[in-house]
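**Student:** Before I ask anything, let me first share the structure, which is written out below as structure tokens.
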């Protein structure tokens, strides 16, 4: 089956130094339950029997299926379950690991799994199953929706992603049996998605392995060259590293401290990434080698560091205390880089045994802890808040691709640690801003943010946070999210909350505008009011919605407000339906509406006062201000766009699309200033810009933008200003003030030419 081959690459090659049994014997051993039994000593006999039942079912379901390597397919589920057993996952997770391809590749149904193995196991398997490709038009759409399904299942039960990471690890170990053209796609997906998820959940050994395997298959030539260079360096520095280890062991023995010392080496991928990001040669990467020191208690970590600092000089700025301030994924350790013999930098990590388990197994350590300390629940300490935030993001984001974008933003492993005014510490992705901080506290605080202080000093909301900043957010009850925030926020939570709020706001305003437009169109047809949404008119609205193809009355009105439906067409249909019911149009109202509309006294006209947000846009080509004769254009999906009546763009649109123009008028008292564009030609000289700014200030016009062009200043130079004015009379007064200013040769309002 092609699906089998793609979802699960074949098994890798056995190391050359092992005596190789016959292929049939090797396959039989790998495919037997005995390959897994030895690892199940931490669960009781009844659970082992349940896992055995799942194995028998999976073996039967996959009977006859062969992996790309030629081995029986069941070897893959067994390898996945073995990895889960290493993490000491419970029996349900082990059963799901054995059955994880049963729905996708064997035609087994979810109800059948519920009946045989219970709902929890079936839910885990379902969360791991990719969606049917036939539902989607593109591979990307299918992939995004499948990830969304898996991540939401993972947010409800973290075991889903642990089984998935075990599955991906085995697939990557056996990728060489796959066709070479698939290496790049599978490796890129692993590097972009699965490795960051493993890191985010604290599964550091899996994270490193996935990165290494992906690098080896994605860039085999670079991997081979770097591997050769590291091997050479290792043989050259072996004596040096052994000397450091002997000295360190002797120092701890003399101090009477019981420690475990293990050498560690940077992975090839982390060396490559450091060389690439910092533009270094291999010789310039100094911290390739290091030591991990495991001590009995937290206090011993700091004592060990003190001993090391007495032996070798520390490198300034290379000390990190992840014990006092753990990483976002729960990782705890002391890091220090020391200048060893011959000037070689050596990194040391100090941690306790418990910290080491968490550092290597992350969220999976929850089950390791449960096995040894049944009463101790550490899941909350291991970065699982991120999993809960997935459900929040899902609540606001219905589009799968957009959801995946938000999640990928949150997969960045680097973090900054900042404090609230009450000294509570918060971890945010590197590059996060004050707005991200506000949303991390609570969505209501984020929505109402108006200003912020960092370390007591007021700063712009787009300011990036640094380690140790004390951040104070100022809110106002009337404040709402600004669309410009989307340009600088870094967390998926903040981005999804802002988008959700703006969409809700736009929908509410578009619905209100749609109701106005439909009422206006109905008046032109002789109906005073829109039929109420009550029991007596239920049948009429049902018929109208079938005619327009909308699900609800609210959706229809929103579509009219967005310009997706023409109000006059909907109104004519509605009048016909009302006539069938015996409601006759008012001839006097028709006459009054049609013959007075040109005098701008129509009661159904859309009135604008500047309080409209997303539903009404003032065209940037002509920038109308109160007092200008205006027209409204219902763009398709854009809502109402307001143009000056003499705007050349509006005239061209009217010629092509006249039925989309509606009558609009200014309110008597607009609630805000409006921007318009001025072109000011000046005789160049000292202080000209200051004099113009002073003239506009004395006219009480606000300058919102100045453009002086790119070319070198000439004797006569054009300056373009965006100024905010109350109305046309205010604009005329500002223009008169500018014309009286010395050095100003000409002032004109900018409008598009024909």
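The values are calculated or read from the model by the stated rules, or taken from the named source; none is laboratory data. Computed from a predicted structure; not experimentally measured. Because the Cβ atoms are built from the backbone with ideal geometry, glycine has one as well, and the counts that use them run over all protein chains shown.
**Student:** Would you check if there is a residue in the stretch 161-175 being crowded, with 18+ Cβ neighbours inside 10 Å, under 19 Å from the mean Cα position of the chain (by Cα) and outside the structural domain of residue 356 (by TED's automatic domain parsing)?
**Tutor:** yes
**Student:** How about the stretch 650-680: which of its residues are in a strand (DSSP E or B), over 38 Å from the mean Cα position of the chain (by Cα) and either farther than 23 Å from residue 740 by Cβ or modelled with pLDDT under 90 (or both)?
**Tutor:** Those that are in a strand (DSSP E or B), over 38 Å from the mean Cα position of the chain (by Cα) and either farther than 23 Å from residue 740 by Cβ or modelled with pLDDT under 90 (or both): 661, 662, 664, 665, 666.
**Student:** Let me ask you something else. Might you let me know whether the stretch 26-40 holds any residue that is at pLDDT 85 or above, crowded, with 18+ Cβ neighbours inside 10 Å and under 26 Å from residue 206 (Cα atoms)?
**Tutor:** So far as the stretch 26-40 goes, no, none of its residues is at pLDDT 85 or above, crowded, with 18+ Cβ neighbours inside 10 Å and under 26 Å from residue 206 (Cα atoms).
**Student:** Something else: Being at pLDDT below 85 and under 22 Å from residue 32 (Cα atoms), is that true of even one residue in the stretch 160-169?
**Tutor:** no
**Student:** Return the pair list, or none, for Cβ contacts closer than 6 Å from residues in the stretch 36-63 that are within 15 Å of residue 84 (Cα to Cα) and assigned by TED's automatic domain parsing to the domain that holds residue 102 to residues that are in a helix (DSSP H, G or I) and modelled with pLDDT under 85, at least 6 apart or on different chains.
**Tutor:** From residues that are within 15 Å of residue 84 (Cα to Cα) and assigned by TED's automatic domain parsing to the domain that holds residue 102, the pairs are 42/371.
**Student:** Exactly one condition in (1) touching a helix residue (DSSP H, G or I) at 6+ places or on another chain (Cβ under 9 Å); (2) outside the structural domain of residue 744 (by TED's automatic domain parsing) is false for residue 646; which is it?
**Tutor:** (1)
**Student:** Return the only residue of 708, 737, 745 being more than 30 Å from residue 570 (Cβ to Cβ) and within 40 Å of the chain's Cα centre (by Cα).
**Tutor:** It is 708.
**Student:** Among (1) at pLDDT below 90; (2) surrounded by 16 or more Cβ atoms within 10 Å (Cβ to Cβ); (3) within 28 Å of the chain's Cα centre (by Cα); (4) part of a helix (DSSP H, G or I), where does residue 213 come up short?
**Tutor:** Only one criterion is unmet by residue 213, namely (1).
**Student:** Within the stretch 176-204, track down each residue that is exposed (fewer than 15 other Cβ atoms within 10 Å of the Cβ) and in a helix (DSSP H, G or I).
**Tutor:** Passing the criteria: 180, 181, 184, 185, 188, 192.
**Student:** Limited to the stretch 72-106, what total is found for residues that are in a loop (DSSP other than H, G, I, E, B) and closer than 25 Å to residue 177 by Cα?
**Tutor:** Qualifying residue count, the stretch 72-106: 4.
**Student:** Applying the selection to the stretch 628-638, what residues are surrounded by fewer than 19 Cβ atoms within 10 Å (Cβ to Cβ) and at pLDDT below 90?
**Tutor:** Within the stretch 628-638, 635, 636, 637, 638 qualify.
**Student:** For the stretch 619-638, enumerate the residues that are part of a loop (DSSP other than H, G, I, E, B) and without any contact (Cβ under 8 Å) to a residue 40 or more places away in the chain.
**Tutor:** 619, 620, 629
**Student:** Please work out which residue is surrounded by the fewest Cβ atoms within 10 Å (Cβ to Cβ), limiting yourself to the stretch 649-668 and to residues that are touching a helix residue (DSSP H, G or I) at 6+ places or on another chain (Cβ under 9 Å) and in contact (Cβ under 8 Å) with a residue 40 or more places away in the chain.
**Tutor:** Top of the filtered list is 659.
**Student:** Which residues, taken from the stretch 342-356, are within 15 Å of residue 290 (Cβ to Cβ), surrounded by fewer than 22 Cβ atoms within 10 Å (Cβ to Cβ) and in contact with a helix residue (DSSP H, G or I) (Cβ under 8 Å, 6 or more places away or on another chain)?
**Tutor:** 344
**Student:** Something else now. Return a yes/no flag: does the stretch 219-236 have any residue that is in contact with a strand residue (DSSP E or B) (Cβ under 7 Å, 6 or more places away or on another chain) and surrounded by fewer than 15 Cβ atoms within 10 Å (Cβ to Cβ).
**Tutor:** No; the residues of the stretch 219-236 include none that is in contact with a strand residue (DSSP E or B) (Cβ under 7 Å, 6 or more places away or on another chain) and surrounded by fewer than 15 Cβ atoms within 10 Å (Cβ to Cβ).
**Student:** Which of the residues spanning the stretch 186-225 are closer than 19 Å to residue 159 by Cα and without any contact (Cβ under 8 Å) to a residue 24 or more places away in the chain?
**Tutor:** 195, 207
**Student:** What residue, of 671, 680, 688, 641, is surrounded by fewer than 15 Cβ atoms within 10 Å (Cβ to Cβ) and touching a residue at least 24 places away in the same chain (Cβ under 8 Å)?
**Tutor:** Among 671, 680, 688, 641, only 671 is surrounded by fewer than 15 Cβ atoms within 10 Å (Cβ to Cβ) and touching a residue at least 24 places away in the same chain (Cβ under 8 Å).
**Student:** Consider residue 717 carefully, then state whether it is in contact (Cβ under 8 Å) with a residue 24 or more places away in the chain, touching a strand residue (DSSP E or B) at 6+ places or on another chain (Cβ under 8 Å), under 17 Å from residue 745 (Cβ atoms) and surrounded by 14 or more Cβ atoms within 10 Å (Cβ to Cβ).
**Tutor:** yes
**Student:** A follow-up question, please. Tell me, please, whether a residue that is surrounded by fewer than 19 Cβ atoms within 10 Å (Cβ to Cβ) and outside any helix (DSSP H, G or I) can be found in the stretch 49-60.
**Tutor:** No, every residue in the stretch 49-60 fails to be surrounded by fewer than 19 Cβ atoms within 10 Å (Cβ to Cβ) and outside any helix (DSSP H, G or I).
**Student:** Mind checking which residues of the stretch 64-80 are free of Cβ contacts under 8 Å to residues at least 60 places away in the same chain and either within 32 Å of the chain's Cα centre (by Cα) or not assigned by TED's automatic domain parsing to the domain that holds residue 171 (or both)?
**Tutor:** 77
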